[in-house]
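Only one structure is covered here, and it is reproduced in the block below.
No lab work stands behind these numbers, since they all come straight from the coordinates. Predicted model only: the values in this text are computed from it and were never measured. Here Cβ is always computed from backbone atoms with ideal geometry, including for glycine, and neighbour counts include all displayed protein chains.
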Amino acid sequence: MWHIEPEKGPIYAQIAAEVKRMLARGELAPGGKLPSARTLAEEARVNPNTVVHAYAELEREGITETRRGLGTFVREDVDVEAIRRRELEAAARAYLRTVRALGMDLNAAREVLEEVGDAP
């Protein structure tokens, strides 16, 4: 679940991004408790301070909150739809970079999406 690739950028950012993806996919819900920094560090095989940094970033973004003595939780009022939208926009930008690198136009890209979307 916590697959970290050091060559893909800062590890704390990868952890924060995975929490957002989990929210977008419905694997984590508002009010849900995140693993302790120590537990997640063991699972992801990273330094606990890296997890603390990721959790601090998520809190700064208004996604999580730390409850003294209880742990880190997803805020009840987090806008999951906005997170889903940002995840989808990032995927669309990546797809468009591929489309452009292949020298294709947007109409061809739409056709491919429709074909793939209609496939069983």
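What to note about this one:
- Difference of contour (0.36 nm per residue) and Cα-Cα distance, Arg97 to Thr66: 7.4 nm
- In the chain, the calculated helix contribution to ellipticity at 222 nm averages -19000 deg cm²/dmol per residue, counting -39,500 (n - 2.57) for every DSSP H run with n ≥ 4.
- For the pair Arg85 and Thr39, a Förster radius of 30 Å applied to the C-beta separation gives a FRET efficiency near 0.50, rounded to the nearest 0.05.
- Contact order normalised by residue count of the chain, Cα under 8 Å, 6+ apart, percent: 24
- Region 6-74: translational diffusion in µm²/s, Stokes-Einstein, Kirkwood Rh over Cα pairs, 4 °C, 1.567 mPa s: 108
- Along each principal axis, taking the top coordinate minus the bottom one, the Cα set of the chain gives 54, 32, 28 Å in descending order.
- Highest-MSF residue in the chain out of Val78, Val52, Val99 [GNM, Cα springs under 10 Å]: Val99
- Region 6-74, relative contact order in percent, only Cα pairs under 8 angstrom and at least six apart counted: 35
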